[in-house]
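Scroll down for the structure; my scribbles are underneath it.
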Amino acid sequence: MTTSIGGELLLKPPNYLVKGVLRTPVGISVTVRRRKAYNPSFFSNSTFFDNHVNPRLCSSDGMGEVYVNPHQDVDMINDASSNVALFVRMLGLDHDPLDREQAVIALWKYSLGGKQCVDMILQFRGSVNLTVNLLRSESNAACEAAAGLLRMISSVDMYRDLVADSGAIEEIKAVLRRSSLSSDVMEQGLCTLWNLSVDEKLRNKIANSDFLPLLIKFLEYEEVQVKEAAGGILANLALTASNHNNMIEAGVVPKLAIFLKNEVEGSKVIKNEATNALLELAKDEYSKILIMEEGLLLVPLVGAASYKSFRPPLYSWPSLPDGTKIEKNPKPSRFGASELLLGLNIEDNNVNIEEGKMNAMVGRTRQQFLARIGAIETEEENKSRGGLPSNPRFTLLPWIDGVARLVLILGLEDESAIARAADAIADASINEHMRVSFKEAGAINPLVQLISHPSDTVKLSVLRAIQRLSISDDVCQRLEEQNALYSLVDLLSNSEISKSLTRMILDILTRILDPSKEMKSKFYNGPVNGSIKARGAARNAGLTGNENVKVASTTSLETVNVVDLLDSTVLSRLVDIMRTSSPDLQRKAASILEFASVIEPCMEKILSIDLETGLDAVLQQKTLNGMRDYSP
């Protein structure tokens, strides 16, 4: 084209400085303003960005931005329309590649004016298809501008289907697979897919097994904008449950989990998108376990108001999170440094704190500090994870902070928060490391105290947490020390409790009152005044292979009066369970009775109750089951 078109298309708002002019080959100048960083306040107040545009996704930090004055007169708008038509015609395949490149750049900059500018471009048929065709250009500038224009068009709800139907998804994928590609092209292409992935119908086109590994690879890219766009796409894809299996198989969990660990730096955007993606994936139980294996815990968001009941402990001699008292320094510091340093003598080379206890102290310090200053949950965070009461909200924290946060919530007054924290503890107790971590963080003591809580919802959640934690022998020992047996037995004595509560109580008691361990204790150490030796003594003697070595017990069973604990009411209740319950509950009730039968005073009580009816019910059921097994 050799004809020069006179006049200028001035695209600028009032009160903004013009710092650059983009000139096209045909003589039309487009005034632009360059900037270094994205200013969200402008877009939020802009007349052009209405509810149909997502400024967060369609912003650009590239060559500059163009803003259109909404108060320009009709003649100027008509001139803009004719000039836009000229640029669209220049996109045609019959034009020189350089002219096409300059035209798409001009249209891209013009589209940054907002929805009205995008509407004006799309008045001309074929503009989207011609733009998609330019994605095949070998010029990075042309590809960037084409992807940027598609990014702006796809940011408007009503045009997303038009962009997808033009084949933009397939072409962008092809561009992103190129071996040599600039980060600017990557950013514009990924942000276009980010906009398109908002539409549920288009997610399946994006989330195929071939493209997901490439998308995950972009999470490792150096450019922050590329990481953010890739994370945003994955967060949107995770909103569709059918995509979860493909995402898990592609290895998305460990790549996203990296951004949420304390020692890893990253932008706020990528952290938020990684959190959103993993929270959606965590709705599947298998995926939840994978996330926790990466060192992250799901922690309920209970609301900033719930933490107002948190009362930090008054000054006292410090102790470890699990309640262990720290011995006072026999040689206190001249200036009180011993107390300032939690009572530890830093000059004592014999001081040795286990790693688990150190992590518990670090986590407790962080969470209590946040609670004291009112920053543990901000209103902004609550709104960003907003949901209905029927859709509980969660966040993801590194396991050290997550464990401490859950223990802190157990001490609040909000019943709903307590129940959710207890459920989260139960879900997180997937291995011995996590169970011991909760023990070291001091979760056992508040859980035992909450067994007698008046709310049935709290009781159910607390017992579920104790049930999962009691798989660990170390936790069982701590339960004994905290006198959990009294609360459990007292609750079991109530025949009106639900079957689910009964099942969990029996499960916990059978782990603590294991008859085989009691027999070992009697064999190795002998009875002491009719009391029960600790399981730790028998276990330690067995591990060392020296049955003659007596190990001092550290558990509360040494002082528990089992005769009073297992009184006639409890024993009768166990017999009733044997008569009327399922085989699983019958087995657990029989196991506790077997434990009691080893103790002579308890045996006398067992003989005084109607034990035969319970045994008959169990044996009869065994016989019937055996007949069914051998029936033809």
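The values are calculated or read from the model by the stated rules, or taken from the named source; none is laboratory data. Remember, it's a predicted structure, so these values are computed and weren't measured experimentally. Glycine also receives a Cβ, built like all others from the backbone with ideal geometry; neighbour counts cover every protein chain displayed.
For the residues L463, L447, the requirement of being under 22 Å from L320 (Cα atoms), modelled with pLDDT of 95 or more and assigned to a helix (DSSP H, G or I) singles out L447.
Across region 177-186, the number of residues qualifying as assigned to a helix (DSSP H, G or I) and either among the charged types (D, E, K, R) or surrounded by fewer than 22 Cβ atoms within 10 Å (Cβ to Cβ) (or both) comes to 2. Out of V68, V128, V118, V132, one residue alone is crowded, with 19+ Cβ neighbours inside 10 Å and modelled with pLDDT under 50. It is V68.
Only one of the listed residues (G189, G148, G113) is of a type outside the set (A, V, I, L, M), crowded, with 18+ Cβ neighbours inside 10 Å and part of a loop (DSSP other than H, G, I, E, B). That residue is G113.
Within region 245-274, being under 19 Å from N204 (Cα atoms) and small (G, A, S) holds for A250, G251.
Residues in region 229-242 that are of a type outside the set (A, V, I, L, M), surrounded by fewer than 24 Cβ atoms within 10 Å (Cβ to Cβ) and assigned to a helix (DSSP H, G or I): S242 only. Taking the condition in the same structural domain as E280 (by TED's automatic domain parsing), modelled with pLDDT of 90 or more and surrounded by 14 or more Cβ atoms within 10 Å (Cβ to Cβ), does E223 pass? Answer is yes for this residue. Screening V74 against (1) at pLDDT below 90; (2) crowded, with 24+ Cβ neighbours inside 10 Å; (3) not small (G, A, S) leaves a single unmet condition, (2). One residue alone among A277, A282 is within 19 Å of K205 (Cα to Cα) and out of contact with any Ser or Thr (no Cβ under 6 Å at 6 or more places or on another chain), and that residue is A277. Does K201 satisfy being in contact with a strand residue (DSSP E or B) (Cβ under 8 Å, 6 or more places away or on another chain), among the basic types (K, R) and assigned to a helix (DSSP H, G or I)? Criteria not met by K201.
Looking at T569, T613, T554, just one residue is modelled with pLDDT under 75 and assigned to a helix (DSSP H, G or I), and that residue is T613.
The single residue among V549, V560 that is modelled with pLDDT of 50 or more, assigned to a loop (DSSP other than H, G, I, E, B) and not hydroxyl-bearing (S, T, Y) turns out to be V560.
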